[in-house]
Amino acid sequence: MFRILSRLPRRPAAIRTFATAATPRTRRGLLWAAAGAVGVGVPAYFLTQDYLFLEEAVGAREQVPFLALYPERGGRKNLPIVTHQLDDRVGEEEKPRLVIVGGGWGAVSILRNLEKDKYNVTVVSSTNAFLFTPLLPSATVGTNEPRSLLEPIRKIAARVHGHFLEAAAVDVDVENKMVEVNAEGDRFYVPYDKLVIAVGAASITHGIQGIEHTVQLKTVQDAIAIRRKVMQNVEQACLPTTTPEERKKLLSFVICGGGPTGIEFAAELFDWVNEDLVKWFPRLLRQDVSVSIIQSRDHILNTFDVSISEYAEKRFKREKINVITNARVQRIEKDQVVYKDKKTGEEYTIPFGLTLWATGVAMVPFVQALSEKLGAQNHRRALLTDDYLRVKGTDGSILAIGDCATVDRPMEHIKEIFEKADKNNDCRLNREEFDQAIQYTKKRFPLTKQYLEEIVRAFDKYDLDHNGTIEMEELTKLVRDVESKMTQLPATAQVASQQGAYAAKVLNGNYERPFEYRHLGSLSYLGNTAVGEFNWGYKMIGGLWAMYLWRSVYWSEQVSTRTRMNLSLDWTKQALFGRDISIV
């Protein structure tokens with residue numbers, strides 16, 4: 001073998017030298033060639049994809065089912081029944097129909113976790129985009145643009161080849177398994193085999209007169225309207241014909257409710273005042289701006305640890321934000337809020353240019369109608385479900401998740417706590433035993449803090465025989481009254497998202513255990529800083545780093561790369577150029 005190789009002609013020395021010297025140059029050439037291929041290939045790929053979509057659209061009418069164009073009528077109201085869709089694919093009619101009503105956190109979580117080819121999915125929502133609600137307050141002053149918080153539902157539903165109908169669900173025909181839908185006055189039925197209700201909730205009004213004089217912060221349209229109103233008030237305050245009294249009223253902003261939404265709106269508004277208003281508007285306006293928060297409880301952010309609530313109150317006091325606690329709004333007039341101090345009973349008024357109503361949750365009309373139709377529903381603010389999120393009073397084909405639902409666990413833990421606290425086994429709790437039971441419950445079930453406050457205040461009211469003790473019957477009545485007014489889980493995006501993921505497991509058929517909510521933590525923005533508490537016990541209280549952590553968490557929770565890029569650009573533009581002050 002060696003002889004054969006030795007007889008082969010050797011490359012000339014010049015060629016060997018050229019090959020060795022050309023190696024780095026060749027590598028650079030290959031890199032440039034690869035870069036050119038990517039630069040040309042990627043645009044070519046997307047252009048080809050566009051061409052393919054256009055090619056598929058040719059002759060699409062011939063492929064649309066006849067019943068999609070001309071649906072049959074039926075049902076109790078003889079309405080069109082949408083058994084086929086304009087974008088049906090071959091074989092879809094053989095799959096069970098899944099209808100998801102709503103386009104919020106719960107609905108999106110289902111779409112992201114559902115098996116791709118298991119159901120013929122239809123999403124019914126009055127808006128065609130998912131809204132990232134935790135950052136909605138930032139859109140009221142221009143920190144983030146509204147479109148940076150939106151992702152089209154059609155893009156999210158495309159993962160499961162889902163259909164989308166921009167319409168509002170108004171009723172459910174439970175017997176015939178059809179959802180009645182209203183689209184700009186046109187009503188029709190959407191049949192289902194499985195139905196998921198994820199429509200969220202409305203703000204509770206507590207019967208307060210004059211709610212029509214307030215604004216709410218539930219939708220992106222609300223944020224745009226608030227931004228426009230704030231700018232119009234400021235511009236009007238700059239006019240030479242505006243009197244000092246009118247100017248102060250125009251620049252008075254009142255927030256009814258001391259939860260995260262109201263607090264974050266106040267923080268964003270004050271950021272705008274301190275960073276943009278003072279730069280571009282007459283300096284006189286800064287002295288006339290006032291922000292007031294009216295909270296019915298002892299502290300703002302009352303679902304957080306007390307140390308966090310106190311820090312928020314101290315910070316707002318330094319910023320001259322007027323925090324009014326233990327006060328209840330009596331009525332809202334056209335240009336002033338009337339509230340009463342719960343301790344003294346005295347009434348006070350605050351003139352306003354804008355009032356935000358940011359209180360608890362209540363049923364939307366669609367959920368209210370279904371709740372009244374089902375005999376097993378007795379909750380005042382949400383649909384009752386079992387531990388698997390199936391609506392009580394149905395055959396298990398209807399699930400409810402998010403703010404519109406609550407898990408029915410009325411006495412499950414209260415009995416256990418009662419028996420543990422009853423040291424002498426006399427079937428009654430004295431004041432000391434009752435306090436111990438409350439402290440034990442707070443430790444074991446942190447999310448029950450605000451509900452237990454109601455129980456503590458109601459001790460004397462439910463001590464019917466006035467013997468200074470609470471018997472099992474009295475405690476049972478007390479807890480049932482409290483639970484009929486409150487949901488078991490907080491009305492947050494975190495809860496809805498986890499419920500959506502679990503509901504997808506139920507629909508996929510691979511679930512065993514009941515739903516259990518894992519509280520990962522809570523965050524709130526306070527103006528160039530943030531606060532939070534996490535499930536491992538750590539509390540984040542202030543500091544510039546806290547704001548960036550708050551942003552990072554919400555940036556990572558985005559549902560698309562597009563919205564992440566938009567948020568990054570918004571924050572960069574705001575840091576470099578300030579917020580946009582134009583009125584659109």
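Find the percent of Cα-Cα distances in region 56-129 that exceed 21 Å, and round it to a whole number.
Details: 1097 of 2701 pairs.
Pairs farther apart than 21 Å: 41 percent.
Using Cα-Cα distances under 8 Å and only pairs 6 or more residues apart, what relative contact order does region 297-344 have, in percent? Mind dumping the intermediate values first?
Values: 44 pairs, mean separation 13.4, N = 48.
28 percent.
Output the peptides 153-159, 497-503 sorted from most to least packed, where packing is the average of other Cβ atoms within 10 Å over each peptide's residues. Can you show the working numbers first?
On the way: 153-159: 17.1, 497-503: 24.0.
My ranking of the peptides, most packed first, is 497-503, 153-159.
Which distance in Å, rounded to a whole number, links the C-alpha centroids of region 135-167 and region 62-103?
25 Å
What list of ³J(HN,Hα) values in whole Hz, one per residue of region 218-232 in order, does the Karplus curve 6.51 cos²θ - 1.76 cosθ + 1.60 (θ = phi - 60°) give from phi, with Gly and Pro shown as x?
Once rounded to whole Hz, the list reads 10, 10, 5, 5, 4, 4, 5, 5, 5, 4, 5, 5, 4, 5, 5.
Beta carbons within 10 angstrom, averaged per residue: use that to sort the peptides 509-518, 201-210, highest first. Before the final figure, lay out each step's value.
On the way: 509-518: 11.1, 201-210: 15.6.
Highest mean packing first, the order is 201-210, 509-518.
Considering only Val179, Phe132, Ala107, whose Cα is most displaced toward the positive end of the charge dipole of region 104-183, charges sitting on Cβ of Lys, Arg (+1) and Asp, Glu (-1)?
Going by the charge dipole, the pick is Phe132.
What number comes out for the charge environment of Val291, summing +1 per Lys or Arg and -1 per Asp or Glu over other residues with Cβ under 14 Å away?
After counting each charged neighbour, the total is +1.
Leaving out ligands, DNA and RNA but keeping every protein chain, what accessible area does Leu217 have, in Å² rounded to the nearest 10, with a 1.4 Å probe?
20 Å²
Under the Karplus relation 6.51 cos²θ - 1.76 cosθ + 1.60, θ = phi - 60°, what is the ordered set of whole-Hz ³J(HN,Hα) values for region 236-247, x standing for Gly and Pro?
Residue by residue, region 236-247 yields 5, 5, 7, 5, x, 8, 7, 6, x, 5, 5, 4 Hz.
Would you grab the residues whose amide H sits under 5 Å from the one on Ala129? Only those 5+ places off in sequence or on another chain, please, with H modelled 1.01 Å from N.
Long-range HN contacts for Ala129: Ile153.
Can you list residues from other chains, or at least 5 along the same chain, whose modelled amide H is less than 5 Å from the amide H of Val291?
Under 5 Å from the amide H of Val291: Phe253, Asn322.
Rank these residues by their accessible area, most exposed first, probe 1.4 Å: Cys256, Cys427, Cys238. Don't jump to the answer; show the numbers that get you there.
Values: Cys256 5, Cys427 85, Cys238 45 Å².
Descending accessible area places them as Cys427, Cys238, Cys256.
What FRET efficiency, computed as 1/(1 + (r/R0)^6) with R0 = 30 Å and r the Cβ-Cβ distance, is obtained for Leu520 and Tyr440, rounded to the nearest 0.05?
0.80
For the ranges 63-71, 307-315, 123-131, what's the packing order if you count other beta-carbon atoms within 10 Å of each residue, average per peptide, and put the highest first? Each step should come with its number before you reach the end.
Working: 63-71: 12.8, 307-315: 18.6, 123-131: 20.6.
Per-residue Cβ counts within 10 Å, averaged per peptide and sorted highest first, yield 123-131, 307-315, 63-71.
Which value, in Å² and to the nearest 10, is the accessible area of Trp280 when all protein chains are kept and the probe is 1.4 Å?
Spelled out: Trp280, probe radius 1.4 Å, area about 150 Å².
Between Glu372 and Lys539, what is 0.36 nm times their sequence separation minus the Cα-Cα distance? Round to one decimal in nm. If you can, show how the numbers build up before the last one.
Numbers: separation 167, 0.36 × 167 = 60.12 nm, distance 4.23 nm.
Taking 0.36 nm per residue and subtracting the Cα distance, the gain is 55.9 nm.
How much accessible surface area, in Å² rounded to 10, belongs to the heavy atoms of Asp395 with a 1.4 Å probe?
110 Å²
Whole-Hz Karplus ³J(HN,Hα) for region 310-319, in order, using 6.51 cos²θ - 1.76 cosθ + 1.60 and θ = phi - 60°, x for Gly and Pro?
Here the 3J(HN,Hα) series is 5, 4, 4, 5, 5, 5, 5, 5, 5, 7 Hz.
5 Å is the cut-off here: which amide hydrogens, built 1.01 Å from N in the peptide plane, fall below it relative to Leu354, excluding neighbours closer than 5 in sequence?
Here the answer is Ser252, Val254, since their amide H atoms fall under 5 Å of that of Leu354.
Taking Cα atoms of region 319-382, Rg/Rh with Kirkwood Rh, to two decimals?
Values: Rg = 17.2 Å, Rh = 14.9 Å.
Taking Rg over the Kirkwood Rh, I get 1.16.
Checking a compactness column here: for region 286-422, what do you get for Rg(Cα) / (2.2 N^0.38 Å), N being the number of residues?
On the way: Rg = 20.6 Å, N = 137, 2.2 N^0.38 = 14.3 Å.
The reported ratio for this selection is 1.44.
The values are calculated or read from the model by the stated rules, or taken from the named source; none is laboratory data. Predicted, not measured: the structure shown is a model, and the values here were computed from it. Counting neighbours? That spans all protein chains shown, and the Cβs are built from the backbone with ideal geometry, glycine included. These accessible areas exclude ligands, DNA and RNA; they are computed on the full protein's heavy atoms, side chains included. Shrake-Rupley method; radii C 1.70, N 1.55, O 1.52, S 1.80 Å.
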